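Asks: One structure follows; several queries about it will come next.
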Amino acid sequence: MLHRIYFSLGIFDKIQKKLYERRGVMKIVTVIDSFKGSLSSMEAGRAATEGIRRVDPQAEVLVRPLADGGEGTVQALVEGMGGKLCQVTVTGPLGKTVNCEYGILEKSKTAILEMSAAAGITLVPREQLDPMKATTYGVGEMIKDAILKGCRRFIVGIGGSATNDGGVGMLQALGYGFLDSQGQPVARGAQGLRDLVKISDEGVLPQLRECEFHIACDVTNPLCGEKGCSAVFGPQKGATPKMIDQMDEWMGNYAKITESVFPGADPNTAGSGAAGGLGFAFLAFTPAVLESGIQIVLRELKLEQDIAQADLVITGEGRLDEQTAMGKAPIGVARLAKKYGKPVIGFGGSVTDGARACNQNGIDAYFPILRSIVTLEEAMDTKQAYRNLADTAEQVFRLFTL
């Protein structure tokens, strides 16, 4: 009976067929997002690999990093692609200096940045959130540092901002002049947009025109209006209703002035409102494209070829739920795998009822890795999480060798 049940499961049937065809040798690709707070993407992949090799020491397991353009993207791509981390001290969102890091891939002179490292909402105590003053100046300083180190290609994640300055701070750091009626630089933060009357490009870093920017952006909000950055994201950054109305008006004026200098600038382009208007700044002032974060990562890693040649794809993240099924990184991997008819297994630090939707979006079967009742602190301990993932992967893989 058990034998018949086993072979009725299509995923196991396909994998066992591959085992026989390859005389017991399987090619497996692990592409697991980080288990935030406990395992990096590569650590999660190595844990799954350890579990698999306990069962089949001859298995060919390729560990690749995964991220969606947000938190963890720098670490994942640098670790997975043999890059290096660079530390730089920049201006934080409220003007105090912060130490942040970004990655460089030397071969392609590509810099990988997360704007949140310099202007993220997590850098500001909740009671001090103030979009009127918060600036993206430090983001521009990071970019300038990478340019001076020879980078001309940029991957930038722009999620998690504390700002609503339209990206003006970033552009000021790169040499653009944003001037008031007296010809003086406007103040940093959204408050500066109130006084803006002129934009100058006389002092722009000359190397900027040689650069290309791939912006990881998964929101579609325009710059202004009821779906714009001020109205939708302002409240979580500390904006009052009065502030929202003011910032939206000033943002509209900023867009008009920008259009007079760069006729192609369009504040209604999807994603212009991302990160408090940073999306608009990139599109209008730099050679940039806004793209899905997971698609950027999958392309940069050239994962399609690896997956096309695999017998099994393993993915996952710290929490598998209905949000996962709505297009997060593991689903991006699963959809790519399904393009080639590959079976996909998912692992999660925790799994909710909503995770069932993952089965309709490419993940054939998923498994939580917790093996006993533990505290949250115990579950997120790095060594414990590594052991749990390795042990779970081992037991799941044993099914494939029955």
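Asks: Hey, could you check the range 305-334 for residues that are touching a Pro at 6+ places or on another chain (Cβ under 8 Å) and within 23 Å of L77 (Cβ to Cβ) and say which is modelled with the lowest pLDDT?
Replies: Of everything passing the filter in the range 305-334, T324 is modelled with the lowest pLDDT.
Asks: Let me ask another. Can we say P343 is under 30 Å from P222 (Cβ atoms) and of a type outside the set (S, T, N, Q)?
Replies: no
Asks: Another question, if that's okay. Identify, by number, the condition in (1) touching a Ser or Thr at 6+ places or on another chain (Cβ under 9 Å); (2) in contact (Cβ under 8 Å) with a residue 40 or more places away in the chain; (3) not polar (S, T, N, Q) that A355 doesn't meet.
Replies: Status for A355: all satisfied but (2).
Asks: Right, here's the next one. Would the range 188-202 turn up any residue that is crowded, with 17+ Cβ neighbours inside 10 Å and under 27 Å from L77 (Cβ atoms)?
Replies: No: the range 188-202 contains no residue that is crowded, with 17+ Cβ neighbours inside 10 Å and under 27 Å from L77 (Cβ atoms).
Asks: Let me ask something else. Considering only residues that are under 17 Å from T49 (Cβ atoms) and under 18 Å from the mean Cα position of the chain (by Cα), which ones fall in the range 302-316?
Replies: If the condition is that a residue be under 17 Å from T49 (Cβ atoms) and under 18 Å from the mean Cα position of the chain (by Cα), then L303, T315, G316 are the ones that fit.
Asks: Say whether the condition of being out of contact with any strand residue (DSSP E or B) (no Cβ under 9 Å at 6 or more places or on another chain) and either farther than 29 Å from E291 by Cα or β-branched (V, I, T) (or both) is met by at least one residue in the range 351-370.
Replies: yes
Asks: Name the residue, out of I199, I215, that is among the aliphatic types (A, V, I, L, M), in the same structural domain as V289 (by TED's automatic domain parsing) and over 30 Å from the mean Cα position of the chain (by Cα).
Replies: I199
Asks: Report the residue count in the range 326-347 for those that are in contact with a helix residue (DSSP H, G or I) (Cβ under 7 Å, 6 or more places away or on another chain) and over 23 Å from Q305 (Cβ atoms).
Replies: Number of matching residues: 1.
Asks: Only residues that are more than 25 Å from V219 (Cα to Cα) and either among the aromatic types (F, W, Y) or crowded, with 17+ Cβ neighbours inside 10 Å (or both): list them for the range 352-364, please.
Replies: D364
Asks: Given the conditions (1) in the same structural domain as T49 (by TED's automatic domain parsing); (2) at pLDDT below 95; (3) of a type in the set (A, V, I, L, M), which single one is not true for A337?
Replies: Every condition holds for A337 apart from (2).
Asks: Are any residues in the range 55-89 over 20 Å from A334 (Cα atoms), under 15 Å from the mean Cα position of the chain (by Cα) and not in a helix (DSSP H, G or I), and if so, which ones?
Replies: E71 - this is the single residue of the range 55-89 that is over 20 Å from A334 (Cα atoms), under 15 Å from the mean Cα position of the chain (by Cα) and not in a helix (DSSP H, G or I).
Asks: Looking at the range 358-373, which of the residues that are free of Cβ contacts under 8 Å to residues at least 12 places away in the same chain and over 16 Å from L389 (Cβ atoms) is farthest from the chain's Cα centre (by Cα)?
Replies: In this case the residue turns out to be I373.
Asks: Regarding the range 281-289, can at least one residue be identified that is surrounded by 24 or more Cβ atoms within 10 Å (Cβ to Cβ), under 20 Å from the mean Cα position of the chain (by Cα) and not in a helix (DSSP H, G or I)?
Replies: No: zero hits.
The values are calculated or read from the model by the stated rules, or taken from the named source; none is laboratory data. Model, not experiment: these values are computed from the prediction. In this analysis, Cβ positions are derived from the backbone assuming ideal geometry, glycine residues included, and neighbour counts consider all displayed protein chains.
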